[in-house]
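The structure appears below as structure tokens.
The values are calculated or read from the model by the stated rules, or taken from the named source; none is laboratory data. None of the values given here were measured: they were computed from a predicted structure. All Cβ positions, glycine included, derive from the backbone under ideal geometry; neighbour counts span all protein chains shown. Side chains included, ligands, DNA and RNA excluded: accessible areas come from the protein's heavy atoms. Shrake-Rupley method; radii C 1.70, N 1.55, O 1.52, S 1.80 Å.
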Amino acid sequence: MSGMIRITREDFSVGEVLEGLRRRDAGAIVAFLGIVRGESRGRCVERLEVEAYEEMALRELEGIRRRVLERFGVEEAVIIHRIGTLKVSENILLIAVASAHRKEAFEACRFILEEVKRLAPIWKKEYTPEGGLWVEGEEDG
């Protein structure tokens, strides 16, 4: 798989990823950073457990990246998703896109986010004082 696609238990440096996307032909870099929120559906979230079918998830993420490069004509795209036990305010997901123009970069970033939620076999379970609850893929978050 490409170094631009990662599933990891380790945190990542947003700055390093963005710096790595600087290109001579890029006039825009757009990024989405998903973090663990401390409240969900009116309940206090203590932690988040993220699981993935890693081999299949990596294939899906790489396929999404390839489609974005072809469809939107962007220079590069990065998708990093964390798994494991995450605390409130920790990074979960980074999507970053480098493009000649901002319109394509924004559109590609949004497309990646929606496709990751729709296709990648990655599951999240929120833990609250009331217990654990699996988060549905269609939830905005």
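Numerical summary
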read-out: For Glu130: the one exception among (1) on the phi > 0 side of the Ramachandran plot; (2) open to solvent by 40 Å² or more (accessible area, probe 1.4 Å); (3) not basic (Lys, Arg); value: (1)
read-out: Output for region 69-108, where each listed residue is under 15 Å from Glu126 (Cβ atoms), in a strand (DSSP E or B) and of a type in the set (Ser, Thr, Tyr); value: Thr85
read-out: Residue check, Leu93 in contact with a His (Cβ under 8 Å, 6 or more places away or on another chain) and under 17 Å from Ile29 (Cα atoms); value: yes
read-out: Residue pairs meeting the criteria (Cβ under 7 Å; at least 6 apart or on separate chains; first farther than 14 Å from Cys109 by Cα, in region 48-73; second in a helix (DSSP H, G or I)); value: Glu60/Leu119
read-out: Matching residues, region 38-68, being assigned to a strand (DSSP E or B) and among the aliphatic types (A, V, I, L, M); value: Leu48, Val50, Ala52
read-out: The one condition in (1) without any contact (Cβ under 8 Å) to a residue 24 or more places away in the chain; (2) open to solvent by less than 70 Å² (accessible area, probe 1.4 Å) that Arg24 fails to fulfil; value: (2)
read-out: Matching entry among Val50, Val36 (being touching an Asp or Glu at 6+ places or on another chain (Cβ under 8 Å) and within 25 Å of Val88 (Cα to Cα)); value: Val36
read-out: Residue match in region 98-107 (condition: touching a residue at least 24 places away in the same chain (Cβ under 8 Å) and closer than 17 Å to Ile35 by Cα); value: no
read-out: Selection from region 27-50 of residues that are small (Gly, Ala, Ser), open to solvent by 60 Å² or more (accessible area, probe 1.4 Å) and closer than 21 Å to Lys125 by Cα; value: Gly42
read-out: Of all residues making up region 8-21, the number that are outside any loop (DSSP other than H, G, I, E, B) and either small (Gly, Ala, Ser) or open to solvent by 30 Å² or more (accessible area, probe 1.4 Å) (or both); value: 6
read-out: Flag if Ala120 is buried (at least 20 other Cβ atoms within 10 Å of the Cβ), in contact (Cβ under 8 Å) with a residue 60 or more places away in the chain and within 13 Å of Phe32 (Cα to Cα); value: no
read-out: Test set (1) open to solvent by 10 Å² or more (accessible area, probe 1.4 Å); (2) closer than 19 Å to Trp123 by Cβ; (3) at pLDDT below 95 - Leu58 fails condition number; value: (3)
read-out: Residues within region 112-130 that are touching a strand residue (DSSP E or B) at 6+ places or on another chain (Cβ under 6 Å) and over 12 Å from His81 (Cβ atoms), tallied; value: 4
